[in-house]
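Below: one structure, written as structure tokens.
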Amino acid sequence: MENQIIRTKIVQRENNKETCAALEMTEEEFQKIISIYGKGEPTIRELKPYSERLQEAQKAALPGEELKEQNFETVDTDGFEKTVILLWGWITTLQRELTGDKGLRIEIKYDPKALKTQLAVYTPTKDVSDGKQTGF
């Protein structure tokens with residue numbers, strides 16, 4: 001397995017841009033890069049095949065339950081943690097803005113080229129002259 005080609009990615013972040021590149025190299029080349037540029041000990045995860053993870057999840061069904069494959073998902077833990085934090089922030093924002101009688105507008109700007117998605121909650125302004133809400 002020493003000369004097996006592996007795939008990885010490298011990301012460079014600066015103030016106003018992010019550059020991401022896919023890399024293909026041998027295990028030996030990968031280990032050399034880690035030995036030169038790595039900081040601390042690398043994190044190594046043993047990955048189970050998808051079919052094994054699905055079978056384990058299906059066996060965990062309680063009596064009278066089933067787990068269909070289309071209802072089974074796996075994501076990397078760091079991605080899951082970021083998703084929970086994002087959703088918690090959105091719930092908090094919506095909870096705050098839903099109190100009272102004003103409306104709101106939610107906008108999601110998904111930009112795959114920029115590798116960013118912008119989330120915004122807009123609320124109506126009050127007309128300075130008469131104190132009435134405008135725009136919704």
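No value in this document is a laboratory result; all are computed from the given coordinates. Quick caveat: nothing in here was measured; it's all calculated off a predicted structure. Cβ sites come from the backbone with ideal geometry, for glycine too, and all protein chains shown count toward neighbours.
Whole-Hz Karplus values for region 69-80 come out as 4, 5, 9, 10, 9, 10, 9, 5, 4, 5, x, 5 Hz, taken residue by residue from phi with 6.51 cos²θ - 1.76 cosθ + 1.60 and θ = phi - 60°; glycine and proline positions read x. Evaluated over the chain, the count of Lys pairs having alpha-carbon atoms less than 12 Å apart is 5 (only pairs 8 or more residues apart or interchain). Kirkwood radius, the chain, all distinct C-alpha pairs, inverse of mean reciprocal distance: 20.8 Å. If only the Cβ of Lys and Arg carry +1 and only the Cβ of Asp and Glu carry -1, the dipole of the chain around its Cα centre is close to 640 debye.
Whole-Hz Karplus values for region 88-97 come out as 4, x, 5, 4, 4, 4, 5, 4, 5, 7 Hz, taken residue by residue from phi with 6.51 cos²θ - 1.76 cosθ + 1.60 and θ = phi - 60°; glycine and proline positions read x. Listed values for region 118-124 are Karplus-derived 3J(HN,Hα) couplings in whole Hz (6.51 cos²θ - 1.76 cosθ + 1.60, θ = phi - 60°), namely 9, 10, 9, 10, 9, 10, x, and x replaces Gly and Pro.
Report summary: the helix-based calculation at 222 nm, which adds -39500 (n - 2.57) for every DSSP H run with n ≥ 4 and divides by the residues of the chain, gives -10000 deg cm²/dmol.
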